1. Name the residues of the stretch 32-53 whose amide N is less than 16 Å from a point 7 angstrom out from the Cα of residue 122 along the C-beta direction?
2. Within 14 Å, Cβ to Cβ, of residue 39, how many net charges do the neighbouring residues add up to if Lys/Arg are +1 and Asp/Glu are -1?
3. Full extension from residue 34 to residue 55: what is 0.36 nm times the residue separation minus their Cα-Cα distance, to one decimal in nm?
Amino acid sequence: SMSRMRRRLIGSRWVAVTRGATAEKRARSLELRRDMTPAERVLWGALRMRRRGVRFRRQHVIAGLIVDFYAPQIGLVIEVDGAVHDVQIAEDMSRTTVLEALRLTVVRFRNGEILDDLDIVIDRLDTTIDAMRTAPPSSRP
């Protein structure tokens, strides 16, 4: 069963928080942190020491979903997508819908983008982070 949702004021914005991720989700999250894909490992290398003053968590549970990277300070979720097929595209869209309903911003990168063009990925992320940090809370999604 999905845990009951609460909202907490973080800075000047209300953010939905899950009331205690299930033990199963926490265990799976730990497992995913241990077994990151090569692309996730490379991206975490760029995110782990804060980007633009923003701290990221990896394999974090939000509303029963385990997201790849999450910056609670600005409400940014980064998802790393592997192979593309119709079922996965539909599932990703569904996950994005749930996360956006919680007023979180979701940015997706493909494995290949991270492994082949990390500089471009980081530039895009820095631009997104800067825009989210300077936008007045009311104009944020």
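Read-outs throughout are calculated quantities, based only on the coordinates presented, and are distinct from any laboratory measurement. Since the model is a prediction, treat every value here as computed from it, not as a measurement. Here the Cβ positions follow ideal geometry from the backbone for every residue, glycine too, while neighbour counts run over all protein chains shown.
1. Only 39-53 fall inside the zone, counting backbone N under 16 Å.
2. Taking every Cβ under 14 Å from that of residue 39, the sum is -4.
3. Gain in length upon complete extension: 5.6 nm.
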